[in-house]
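Remarks on the structure that follows.
The values are calculated or read from the model by the stated rules, or taken from the named source; none is laboratory data. None of these values were measured; they are calculated from a predicted model. Glycine also receives a Cβ, built like all others from the backbone with ideal geometry; neighbour counts cover every protein chain displayed. Just so you know, the surface numbers come from the protein's heavy atoms only, side chains and all, with ligands and any DNA or RNA stripped out. Shrake-Rupley method; radii C 1.70, N 1.55, O 1.52, S 1.80 Å.
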Amino acid sequence: MTSNNDAEHQKDSESASLSRRNFLTGASAIAAGSALLASQQAKAAGPVGRPKTMLVKNAEVLVTMDKDRREIKNGGMYIEDGVIKQVDSTDKLPKTAEYVIDMKGHVVLPGLVNTHHHLYQHLTRVAPACQDGNVWNWLKVLYPMWAKMTPDSERLAVQVGLAEMALSGTTTVFDHQYVFPNGCKIDDAIGVAKDMGIRFHASRGSMSLGQSKGGLPPDSCVETESNILSDCQRVIDKYHDMNPGSMTRIVLAPCSPFSVTDDLMIESAKLARKHKCGLHTHLAESLDEERYTLKKYGLRPVGVMEKFGWLGEDVWFAHSVHINDEEIQKYKTTGSGFAHCPSSNMRLASGMAPVKKCRDAGVKVGIGVDGSSSNDCSHMLAEVRQAMLLARTLLSENPGGPPEDKKAWISARDVLEIATLGGAAILQRDDIGSLAAGKRADFFSVGINKVGFSGGSMVDPVASLIFCAPQSADWTVVDGRVIVKDGNVETLDLPVAIEKLNAASIKLVNG
């Protein structure tokens, strides 16, 4: 039997216990909420921190693309501060590091380099009114839609586009943005790339020749030359970084011969060369363009570029579908290159670029996915595969059909080289494109134990990446930072970004 004092004491104890439980429960909830918020804030703030040291080990095959084109079984790398220090078989590497990635069952390759894209075009992917038609018809439909783009919708497009790139093994992206309506700036895209940890070559593109002056784009989509050049200077001063390992570089990129004035082409080249920026434009993509330059200048597109001083080591063109043997030699002798965009060229019925002939002549060639409204895909491995297949299709036009000599054919390893070392050369970078000591730690991996590789493909897992259906990257690392882990983007809340982009796209296309 308990006394009143005992009962009250028990009641007080129960109350105290309940209070403690409430406090602990509440504290746990607050701590969990704080941890979740901190995680979300960290993810929103930018790329995960780069470990001081990283060990990549046990790869089924590590494709180096080094000078000897080594493919190392059970290969790996040792990395410090984002720089590769050693590439070898796993048993010859250090045993520990701050961050260890076991690549057993994976093929590891240098990060792919995308040399031509229009990330903002994710907003108008598969737009119904331009699903069927050539380049000029396609542009006429889309120009008014792009004129409605806002900074917020642009950032969403860039986020999702860069995520798609990273998920297909791309570590360096050149983006050609040339439409800046409603307060949009190239700064928006640069900021997104920085937050996501993608190596980014951003173009301050431009259009200055509207319909009222004989150009193709509507006047609502063009800018004045003075505003363009002034902003080019601003962007160069603020962002252009020529240091080894730089994450951001600026390219000056007037859109095309039929959308800019002669003076803008000439002045852009002067400004770019003053600051050691790259120069880029669309060229020789379609026969419509060729007819336009012949009528206006009496010259083919490459001749117009020569007239403007637009040939050189710092220049590469998008497409170059319609170039002849003489023009290929001009590319070679001047050091000019081009971005091959096979899916876009097929989608818009532009034609087949002479990639093999250009490579054999010593011309620099890279691969670009082109815009997500003309390719409708930003999967770089898919584009690499398409480059091989389209080059083989072109062989069918040889008299008597495709040659028996295998040297006339582009191989899987050829197109992988174009997409890595070729892209690095196009962008004038010697710090990426291969996995070798002294290079930046840009690489990706694909697991080979997947249904898409099953049934004999493991005899040559490297070629399987190209011949078999395109797969997504399991890991993507840029400058020693993990961007994709186990097939998930680590530096962006991708489902939320997709949902927001879809809403913005529907509004823009249907509005």
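To the nearest 20 debye, what charge dipole does the range 325-370 have about its Cα centre, counting +1 at the Cβ of each Lys and Arg and -1 at the Cβ of each Asp and Glu? Please report the intermediate quantities before stating the final value.
Working: 7 positive and 5 negative charges, 27 e Å.
Result for the range 325-370 is approximately 120 debye, rounded to the nearest 20.
Starting from the Cα of L294, step 7 Å along the direction of its Cβ; do the same at S212; then give the gap between the two resulting points in nm.
Each label point is offset 7 Å from its Cα along the Cβ direction, giving 3.2 nm.
Put +1 on the Cβ of every Lys and Arg and -1 on every Asp and Glu Cβ in the chain; which of T150, L492, S472 then has its Cα farthest towards the positive end of the dipole?
The residue sitting most towards the positive pole is S472.
Write down the accessible area per residue of the range 355-511 in Å², having rolled a 1.4 Å probe over the full set of protein chains.
On the way: 6360 Å² over 157 residues.
On a per-residue basis, the range 355-511 sits at 40 Å².
Could you give the length gained by full extension between A437 and K276, i.e. 0.36 nm per residue of separation minus their alpha carbon distance, to one decimal place?
Contour length minus the Cα-Cα distance gives 55.3 nm.
Give me the extension gain from V459 to D493: residue separation times 0.36 nm, minus the current Cα-Cα distance, reported in nm with one decimal.
8.5 nm
State to the nearest 20 debye the size of the charge dipole of the chain about its Cα centre, where the only charges are +1 on K and R beta carbons and -1 on D and E beta carbons.
Computed charge dipole of the chain: roughly 520 debye.
According to a simple spin-label model (label point 7 Å from Cα along Cα-to-Cβ), what is the distance in nm between N134 and D430?
Going from the D430 label point to the N134 one covers 4.3 nm.
What is the gain in length, in nm to one decimal, between N502 and K95 on full extension, counting 0.36 nm per residue of separation less the C-alpha to C-alpha distance? Each step should come with its number before you reach the end.
Numbers: separation 407, 0.36 × 407 = 146.52 nm, distance 4.59 nm.
Going from the current span to full extension adds 141.9 nm.
Kindly express, to the nearest 10 degrees and within the range 0 to 90, the angle between helix 4-45's C-alpha long axis and the longest C-alpha principal axis of the chain.
10
As an exercise, use a Förster radius of 45 Å and the Cβ-Cβ distance of R70 and E326 to find the FRET efficiency, rounded to the nearest 0.05. Kindly include the intermediate steps, with their values, before the conclusion.
Values: r = 38 Å, r/R0 = 0.84.
Between R70 and E326 the formula returns 0.75.
Rounded to the nearest Å, what's the spacing between the alpha carbon centres of the range 423-443 and the range 331-385? Just the number, please.
Result: 20 Å between the Cα centres.
With both bridge residues required to lie in the chain, what share of the DSSP beta bridges run antiparallel, to the nearest 5%? Each step should come with its number before you reach the end.
Details: 29 of 66 bridges.
Looking only at bridges with both residues in the chain, the antiparallel portion is about 45 percent.
Once neighbouring chains are kept in place and the probe is 1.4 Å, which whole percent of the accessible area of the chain is contributed by carbon and sulfur?
The C+S portion of the solvent-accessible surface of the chain is 52 percent.
Find which of L390, T420, A408 sits farthest along the positive direction of the dipole of the range 388-450, computed with +1 on the beta-carbon of Lys and Arg, -1 on that of Asp and Glu, about the Cα centre.
Comparing the listed Cα positions along the dipole, T420 ranks first.
Which order do peptides 80-91, 174-185 fall in by mean Cβ count within 10 Å, highest first?
Working: 80-91: 17.0, 174-185: 21.0.
So the peptides 80-91, 174-185, ranked by packing, come out 174-185, 80-91.
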